[in-house]
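Remarks on the structure that follows.
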Amino acid sequence: MRAAGRVLRKSLDALYLGCGALAACFLVLLLAIIVAQMAARWTGQVFTGATSYAGYCMAASAFFALAYALNHGAHIRVNLLLSRLGAARRWGELWCFATGSAIAAYFAFYAIKTTWWSYRLNDVSQGQDAWPLWIPQIPMSVGTVVFAIALADHLVRLLFVGLPEGGAAISDRRPE
């Protein structure tokens, strides 16, 4: 049973790390699009849809980074309130992760539903390029699903492992 738990832990950490790497790749792609747009302006060319593509890359990087940031303790947290709870901190952490998991699962469900309906209705962007919107919505859907998994993972770890020594939140620990 412990071996299966270690495999699951390593798999989830690899998933979060992979999402972080994808977020970084989308940021580099965003930079490339901006540089290409600047070069196009300097040469008198037009890079149709560059603003939309840059926005898609920014959104993809943000959604892919959510789980990675949570797993590395980089999310903004209300530690001031949680630290003042004292012995009840565990209950505060449980409430935060349970509520966050529910909200993230709700958002993930509707992100997937939105992507599906954009595909079914052949919804396209309003720019000159008329890009199918379901394509840039896929990273949003995947990112929200992985974020919901990460929150549920932290909730389960808090329930069964508890707070680490010193009362720090589980998301404040670096993965092993």
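In summary, Val124 fulfils each of the numbered conditions (1) touching a helix residue (DSSP H, G or I) at 6+ places or on another chain (Cβ under 7 Å); (2) among the β-branched types (Val, Ile, Thr); (3) without any contact (Cβ under 8 Å) to a residue 40 or more places away in the chain with the single exception of condition (1).
Taken over segment 80-97, the criterion of being within 21 Å of the chain's Cα centre (by Cα) and surrounded by fewer than 20 Cβ atoms within 10 Å (Cβ to Cβ) is satisfied by Leu94, Trp95. Among the residues of segment 133-152, the ones that are surrounded by fewer than 23 Cβ atoms within 10 Å (Cβ to Cβ) and closer than 14 Å to Leu12 by Cα come to 3 in all. If you filter segment 69-79 down to residues that are under 18 Å from the mean Cα position of the chain (by Cα) and assigned to a helix (DSSP H, G or I), you find that the one that is farthest from Met38 (Cα to Cα) is Asn71. In segment 98-129, the qualifying residues are those that are surrounded by 15 or more Cβ atoms within 10 Å (Cβ to Cβ) and aromatic (Phe, Trp, Tyr), and the one that is farthest from the chain's Cα centre (by Cα) is Tyr119. Taken over segment 22-47, residues that are assigned to a loop (DSSP other than H, G, I, E, B), more than 18 Å from Asp129 (Cβ to Cβ) and either touching a residue at least 12 places away in the same chain (Cβ under 8 Å) or polar (S, T, N, Q) (or both) amount to 1. Applying the condition of being at pLDDT 90 or above and not aromatic (Phe, Trp, Tyr) to segment 125-135 and asking which residue is farthest from Gly18 (Cα to Cα) yields Pro132.
Checked against the criterion of being more than 14 Å from the chain's Cα centre (by Cα) and either within 16 Å of Val142 (Cβ to Cβ) or surrounded by 14 or more Cβ atoms within 10 Å (Cβ to Cβ) (or both), the candidates Leu22, Leu66, Leu29 yield just one match: Leu29.
Can you go through Ala98, Ala104, Ala108 and tell me which one is outside any loop (DSSP other than H, G, I, E, B), under 23 Å from Leu15 (Cα atoms), out of contact with any Leu (no Cβ under 8 Å at 6 or more places or on another chain) and modelled with pLDDT of 90 or more? The match here is Ala108. Restricting Ser83, Ser118, Ser101, Ser125 to residues that are under 18 Å from Ala152 (Cβ atoms) and of a type in the set (Gly, Ala, Ser) narrows the list to Ser101.
The values are calculated or read from the model by the stated rules, or taken from the named source; none is laboratory data. These figures come from a predicted structure and were not determined experimentally. Counting neighbours? That spans all protein chains shown, and the Cβs are built from the backbone with ideal geometry, glycine included.
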